[in-house]
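Here is the structure we will look at, set down as C-alpha cells.
FYI, it's all coordinate maths here, none of it is from the lab. Not measured: the values here are computed from a predicted model. Cβ coordinates were reconstructed from backbone atoms using ideal geometry, including for glycine residues, and neighbour counts include every protein chain displayed.
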Amino acid sequence: MAVLDLRFLGDDVLYAVAAPVTGFDPALAQLANDMLDTMYAAPGRGLAAPQVGVSQRIFVTDVTWKEAKPTPLVFVNPQITAQSDETKVGPEGCLSIPDRSFDVSRPVWIDMKWQGLNGTENSARFDGMQAICACHELDHLNGVLITQSGLET
Ligand SMILES: [Zn+2]
C-alpha cells in the first residue's frame, strides 16, 4: 500500500494534457494500485494520474465503496465514443480542490472505451454517478478542472 501526495489547484501538472500510456508493464499496475490506495485514503470516488503528479492518461474510480461493496475500476487511455444529448447539472467536488463544491453539467450517459492494465480493450455505457465520475476524471486528463467547467456553489 502506498498513498501518493496529491497535487492541488494551481499546480501546473493539473492544467496539462496528459500523454497516452504506452507501456503496459508492472510499473503501470503499481501506479494504478497506488492511485486506488490514495483515492480510498483521501477519501474519494475517483482519482486521475495528474492529481498525483503523473501526466499520463490513466484514472481510477470506485463510486460505490462509501455506501456498499467496492467496485474499483482502472481506465487507461479512456475515450468517450458517444454521449447523450441530454445533460444534467449536479454538484461535484475534487480531491485537488478541497472543501469546495461546483455545479457541473454532464451528459446523462456516456459510452466509453478504454484499455485495461494489460492493454485489453474494454467498452461500456455508464450512467448516474459512474458517468459523472468518469467525465470528471477524463477532464483531468485533458487539463480541465471543475473551476473551469463548473460554477462554484
Ligand atoms: Zn477532480
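Neighbours of F8, meaning other residues whose beta-carbon lies under 13 angstrom from its beta-carbon, give a summed charge of -2 when Lys and Arg score +1 and Asp and Glu score -1. Listing Y15, Y40 from fewest to most neighbouring C-beta atoms within 10 Å gives Y15, Y40. Shown here for the range 43-92: GluC sites (Glu not before Pro) in loop regions (DSSP other than H, G, I, E, B) with at most 15 other Cβ atoms within 10 Å, namely E67, E86. Helical content alone sets the calculated 222 nm signal of the chain at -7000 deg cm²/dmol, taking -39,500 (n - 2.57) per DSSP H segment of four or more residues and averaging over every residue.
For the chain, the relative contact order is 26 percent, taking Cα pairs closer than 8 Å that sit 6 or more residues apart in sequence and dividing their mean separation by the residue count. Count Lys and Arg as plus one, Asp and Glu as minus one, and take only other residues whose Cβ is under 12 Å from that of P50; the net charge is then -2. Summing +1 for each Lys or Arg and -1 for each Asp or Glu among the other residues whose beta-carbon sits under 13 angstrom from that of D103 gives +1.
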